[in-house]
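Note sheet for the following structure.
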Amino acid sequence: MSDNDNIILKLTGLSKRFGPVIAADNIDLELHRGEVLALLGENGAGKTTLMNMLFGHYTPDEGSVEVRNDDGHMHTLPPGQPQAAINARIGMVHQHFALAENLTVLDNILLGSEPIFSPFRKLSKPKEKIKAIMSSAGLEAPLDEKVGNLSVGERQRVEILKALYRDAKILVLDEPTAVLTPQEADSLFASIRTMVDKGLSVIFISHKLREVLAFSDRIAVLRHGRKVGEMKTSDADTNSIAKMMVGADTQTITRESFEAGAPILSLTNISTSGERASEILREINFEVCTGQIVGIAGVSGNGQSALAALISGLNDPKSGTMEFNGEKISKSTPKKMIDAGIGRIPEDRHRDGVVGSMSIAHNLIIERLGDEKFNRFGFLRNRQISENAQNLSKAYDIRGPGIESRTALLSGGNMQKLILARILDTNPKLIIANQPTRGLDFGAAAEVGRRLLEARQRGAGVILISEDLDEILTLCDQIFVAHDGGLTRTDSRDRAQIGLLMTGHTNDKH
């Protein structure tokens, strides 16, 4: 079989514009039978746009999508028709699952393929087919259980089984391990490799280079809507991929040993209440010292947001005591916590970190509007605000439009630099960094890490909440693992051991 005969999918000259924004620019991509192709690129590089054109969710302005039929010939898919992609046996598993929680696993797998509400439906053949797929792929799921009762890892298996039930020969996985523990991720990769060895072809979108290097056969990189290169995974390493993604060499971050000082924040038997499980903390004990970065690892939704809200002054504890800088805090507000010396990098920078319609200059002083430096007798001092913005933009390399432009025009990386500049310029005693590098390219992420280490060196305490275990292991002096509203302290640096803690395999909650 020639190389051309081995091509199962071919994207040619795909382009897509949204008004003046070019989201995808003349992209060519090929996928071979029985191959795992990793598709990499920073947030906004065009990965999602490209996959939406492949699956028919977007109609390309130019270009074509060809898939090899069972008869061995390439067939051009009609643009903008998801059903055509499904009929061509292309399956897509999104990062955010699209499952009906009130239905069983079986009904979710059959949904869209078989009538599930017919009183005369026969399930013996579908069940037989699903069980054969599970056995062949090594993917187990309880068919009669409601999806709402499943773990995150089990739900992902259901999404994949749903695609395989439709006889998918091409599977697109969008950030498949973003919400999985290391053990669940390893199990997923083992199952997919089994299917790939039997002829399945996979496009794997990820930002985790360790997994890309371990799992893929070939790597393609997008930047600013264009494909900037591709390579065999066997020829790649972290530095070569990062350079291709950001267009320059990136400096590695090293955490030097540093002696921590006295406790700056202490939480004792703290519990909070909330409408959702993710808003609840359960009798946690937690301490951060000056000159120390404490990491909170864990799968999203296990109380991390509740902890950040508590320390930011957005919530009060239901029980327990919180002390900051030697003083007990009972009733708090965000302003009180800012005035006390707490800086916050919020989880959602667009929603909670900036006011997009305001200027860059005003966003840089938004938490200090009452300061005499920027406000005199209720009037803003525009010259001082502009000078401050110019100085911070230079010091923190905030690139983009002028300082009087709307902050919404900044890229994600530059928006995060703005937030860092605003916080660190005040020399806070404690920094809460909640998912600070999510969606950032390697250069911007490395800059965030470097700035946090500098703050630690100056004596600040830092709480780093991250779902990226590599980031936690690189930056943190002490690690806690969040699970079901509890925190477990660990001295382990072993990924597997931390992964077990993420699933609640311990009775020792702190």
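Do we find that residue 45 is at pLDDT below 90, touching a Gly at 6+ places or on another chain (Cβ under 9 Å) and under 30 Å from residue 413 (Cα atoms) in this structure? It is true that residue 45 is at pLDDT below 90, touching a Gly at 6+ places or on another chain (Cβ under 9 Å) and under 30 Å from residue 413 (Cα atoms). Step by step: first the residues of region 372-384, then only those that are assigned to a loop (DSSP other than H, G, I, E, B) and among the basic types (Lys, Arg), then the one that is surrounded by the most Cβ atoms within 10 Å (Cβ to Cβ). Which residue is that? It comes out as 381. From the set of residues in region 349-361 that are in a helix (DSSP H, G or I) and in contact with a helix residue (DSSP H, G or I) (Cβ under 9 Å, 6 or more places away or on another chain), which is surrounded by the most Cβ atoms within 10 Å (Cβ to Cβ)? Looking at residues that are in a helix (DSSP H, G or I) and in contact with a helix residue (DSSP H, G or I) (Cβ under 9 Å, 6 or more places away or on another chain), I get 360.
Does residue 132 count as assigned to a loop (DSSP other than H, G, I, E, B), assigned by TED's automatic domain parsing to the domain that holds residue 202, of a type in the set (Gly, Ala, Ser) and at pLDDT 85 or above? It is false that residue 132 is assigned to a loop (DSSP other than H, G, I, E, B), assigned by TED's automatic domain parsing to the domain that holds residue 202, of a type in the set (Gly, Ala, Ser) and at pLDDT 85 or above.
Please tell me if residue 102 is under 30 Å from residue 350 (Cα atoms) and either in the same structural domain as residue 124 (by TED's automatic domain parsing) or part of a strand (DSSP E or B) (or both). It is false that residue 102 is under 30 Å from residue 350 (Cα atoms) and either in the same structural domain as residue 124 (by TED's automatic domain parsing) or part of a strand (DSSP E or B) (or both).
Based on what the data block shows, is residue 76 farther than 19 Å from residue 199 by Cβ and surrounded by fewer than 20 Cβ atoms within 10 Å (Cβ to Cβ)? Answer is yes for this residue.
Return yes or no: is residue 301 more than 30 Å from residue 153 (Cα to Cα), in a loop (DSSP other than H, G, I, E, B), touching a residue at least 12 places away in the same chain (Cβ under 8 Å) and under 22 Å from the mean Cα position of the chain (by Cα)?
Criteria not met by residue 301.
For region 193-227, the set of residues classified as under 23 Å from the mean Cα position of the chain (by Cα) and of a type in the set (A, V, I, L, M) consists of 202, 203, 205, 209, 212, 213, 214, 219, 220, 221, 222, listed by residue number.
Let's see how each residue does on (1) part of a strand (DSSP E or B); (2) modelled with pLDDT of 90 or more; (3) polar (S, T, N, Q); (4) under 27 Å from residue 265 (Cβ atoms):
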position	(1), (2), (3), (4)
344	yes, yes, no, yes
347	no, no, no, yes
370	no, no, no, yes
399	no, no, no, no
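The values are calculated or read from the model by the stated rules, or taken from the named source; none is laboratory data. Note that this is a predicted model, so its numbers are computed, not measured. Every residue, glycine as well, gets a Cβ built from its backbone with ideal geometry; the counts of neighbours run over all protein chains shown.
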